[in-house]
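Here the structure comes first, spelled out in structure tokens, and everything after it is commentary.
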């Protein structure tokens, strides 16, 4: 059980990682459900990236495997509105170079990442960013 909810089946998409599997783009709460589920079904996609950290799932933890080869789902970009560009410009002034950001989905976070990428100072090979 996860909280008050029993877990019957967990369905997830994973990347192959040697003899095990990798959470890849599924690094979220679903990993906590895997050991608690009655059945784990994994779609192993050879086009998913292998991610680092505590992202491995052993082959013994998966009951059924389906192999696929398709690009991961992506949300299409859309043109940002003037207000989103202004918000992104204001927020970028507050973010220091080298900071780590966690962002969501949508045109405002997308615009923020574009603005932040534009302000990045190149790193020299022999020292810190200037």
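Mean residue ellipticity at 222 nm, helices only, the chain: -7000 deg cm²/dmol; runs of at least 4 DSSP H residues each add -39,500 (n - 2.57), and the sum is divided by the number of residues. Percent of Cα pairs in segment 9-68 per distance bin of 10 Å, from zero to the largest separation: 26, 63, 11. Give me the percent of DSSP beta bridges within segment 1-89 that run antiparallel, rounded to the nearest 5. About 35 percent, rounded to the nearest 5. Take every pair of alpha-carbon atoms less than 8 Å apart whose residues are at least six positions apart; their mean separation over the length of the chain yields a relative contact order of 19 percent. By the count of neighbouring beta-carbon atoms within 10 Å, fewest first, 107, 80 end up ordered 107, 80. For the pair residue 93 and residue 36 in one chain, pulling the backbone fully straight at 0.36 nm per residue adds 16.1 nm over the alpha carbon distance. If you take the alpha carbon atoms of segment 34-74 and fit the smallest convex hull around them, that volume is 98 Å³ per residue. Matching the structure-derived Kirkwood radius over Cα pairs in Å against the labelled list (i) 15.4; (ii) 17.9; (iii) 17.3 gives the label (ii). The ranking of 113, 100, 55 by Cβ neighbour count inside 10 Å, starting from the fewest, reads 100, 113, 55.
Bear in mind that the values in this text are calculations on the coordinates, not laboratory data. Computed from a prediction, not measured in an experiment: that's the story for all the values here. Cβ: placed from backbone, ideal geometry, glycine included. Neighbour counts: every protein chain shown.
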